[in-house]
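See structure below.
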Amino acid sequence: MSRNTIVSQVGLALIAVGATSFIGCADVADDEITVYSARQEHLIKPIFEKFSEDTGISVRYVTDEAGPLMERLRAEGERTPADVLMTVDAGNLYQAATNDLLKPIESPQLGERIPEHLRDPEDRWFGLSVRARTIVYSPDRVDPDELNTYEGLADEKWQDRLCLRTSQKVYNQSLVAMLLHHLGEEDTTDVVEGWVANLATDPFSNDTSVIEAIEAGQCDVGIVNTYYLGRLLRDDPDYPVEVFWPNQDERGVHVNVSGAGVTRHASNPELAQELIEWLAGDEAQESFAALNLEYPAAEGVDLDPIVAEWGEFKEDTINVSEAGRLQREATMLMDRAGYR
């Protein structure tokens, strides 16, 4: 290893340490694990507290965006205190696995609980909640019979009626990656160019802004993760934006996951695996999904009432890791199509 490389890695580690701090217990022990989490604290703290209550295993955790957490893992190498990486979007989990930050887990329990399309083909990470990225619309200005597929939003009838989140967010990159898988480059380019031509305004920085723009009459339809609408409905059950499930006569709705894996250099890999297996259990699955109004990854688990109200839908069952494999290609295509 060159001196420059060493200096770079130490610098990255110091930057990472400065950007985040441990939350939770202060002392490290054999019955304790450390989690690097891209899920926000309010979505994981009650879950970890229940896990500790059930098992006697303490959980220390760091929260940050997925990119800095993976950079921190890479910089720390064998000296990392992290036993578990928990993050959102299969694209991030794919990157963590392909950069050798995670190790395979041998767990019949996880294999039985988590459907095959929601986990890494080499079992280096497992989806723990499902995020449906779907179409939302104004019931005052859109007849749902007008809607059909993601591709249909490229039709000129939606000109000046469509709102989207920026292409810089991994959620839209994963959606376009899946379009690439199903439609190929030429047809996906036509779809993305059609979306851009139909935009009512510049892309927004987040999904909540897309929904609020529809409510305000700035546009009529958009594409968002459903839990963003769920949060608004939790505050106002009569919020005037509704969910439409596209592509139901063919491949189904694009879904993604938040998930977790055991880090390559975990000090307590057995306890780390125990946490992930516990999270796949019925009670934890219900809480893990309900805290953010997502869908449980395991089948047969009760839904939050707000989520249940949206009804059943057919989901795309292509392995979500494909979103990671095609994400760079998708990003380049979006850039060429003028989607910013």
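Answer yes or no as to whether Val142 is under 28 Å from Ala213 (Cα atoms) and open to solvent by less than 50 Å² (accessible area, probe 1.4 Å). So Val142 fits the description; yes. Determine which member of the set Glu106, Glu76 is open to solvent by 10 Å² or more (accessible area, probe 1.4 Å) and without any contact (Cβ under 8 Å) to a residue 24 or more places away in the chain. Result of the check over Glu106, Glu76: Glu106. Residues of region 247-260 that are touching a helix residue (DSSP H, G or I) at 6+ places or on another chain (Cβ under 7 Å) and surrounded by 24 or more Cβ atoms within 10 Å (Cβ to Cβ): His254, Asn256, Val257, Gly259, Ala260.
Every residue, every condition in (1) outside any helix (DSSP H, G or I); (2) more than 18 Å from Gln40 (Cα to Cα); (3) not small (Gly, Ala, Ser), yes or no:
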| site | (1), (2), (3) |
| --- | --- |
| Phe51 | no, no, yes |
| Asp54 | no, yes, yes |
| Arg60 | yes, no, yes |
| Gly67 | no, no, no |
| Gly77 | no, yes, no |
| Pro81 | yes, yes, yes |
| Ala96 | no, yes, no |
| Asp100 | yes, yes, yes |
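Of the residues Asp190, Asp202, the single one that is in a helix (DSSP H, G or I) and open to solvent by 40 Å² or more (accessible area, probe 1.4 Å) is Asp190. Each residue in region 155-185 was checked for being assigned to a helix (DSSP H, G or I) and open to solvent by less than 30 Å² (accessible area, probe 1.4 Å), and 12 of them qualify.
Counting only residues that are of a type in the set (Phe, Trp, Tyr) and either without any contact (Cβ under 8 Å) to a residue 40 or more places away in the chain or in contact with a Ser or Thr (Cβ under 6 Å, 6 or more places away or on another chain) (or both), region 226-244 holds 2 of them. Being in the same structural domain as Asp123 (by the TED database), modelled with pLDDT of 95 or more, touching a helix residue (DSSP H, G or I) at 6+ places or on another chain (Cβ under 9 Å) and among the β-branched types (Val, Ile, Thr) is a property that does not hold for Thr331.
Yes/no per residue for (1) out of contact with any strand residue (DSSP E or B) (no Cβ under 6 Å at 6 or more places or on another chain); (2) closer than 19 Å to Leu275 by Cα:
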{"residue": "Ser58", "(1), (2)": "no, yes"}
{"residue": "Thr63", "(1), (2)": "no, yes"}
{"residue": "Glu76", "(1), (2)": "yes, no"}
{"residue": "Arg79", "(1), (2)": "yes, no"}
{"residue": "Gln95", "(1), (2)": "yes, no"}
{"residue": "Leu102", "(1), (2)": "no, yes"}
{"residue": "Gly111", "(1), (2)": "yes, yes"}
{"residue": "Arg124", "(1), (2)": "no, yes"}
{"residue": "Ala132", "(1), (2)": "no, no"}
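For every residue, the table says whether it meets (1) among the aliphatic types (A, V, I, L, M); (2) touching a residue at least 40 places away in the same chain (Cβ under 8 Å); (3) not in a strand (DSSP E or B).
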site	(1), (2), (3)
Arg251	no, yes, yes
His254	no, yes, no
Val257	yes, yes, no
Ala260	yes, yes, no
Ala266	yes, yes, yes
Phe288	no, yes, yes
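Do you know which residues across region 144-176 are farther than 22 Å from Glu250 by Cβ and of a type in the set (Gly, Ala, Ser)? Correct list: Ser167 only.
The values are calculated or read from the model by the stated rules, or taken from the named source; none is laboratory data. It should be emphasised that the depicted structure is a prediction, and the values quoted were computed from it without experimental measurement. Cβ atoms come from the backbone with ideal geometry, glycine included; neighbour counts cover every protein chain shown. Keep in mind that these areas ignore ligands, DNA and RNA; they rest on the heavy atoms of the full protein, side chains included. Shrake-Rupley method; radii C 1.70, N 1.55, O 1.52, S 1.80 Å.
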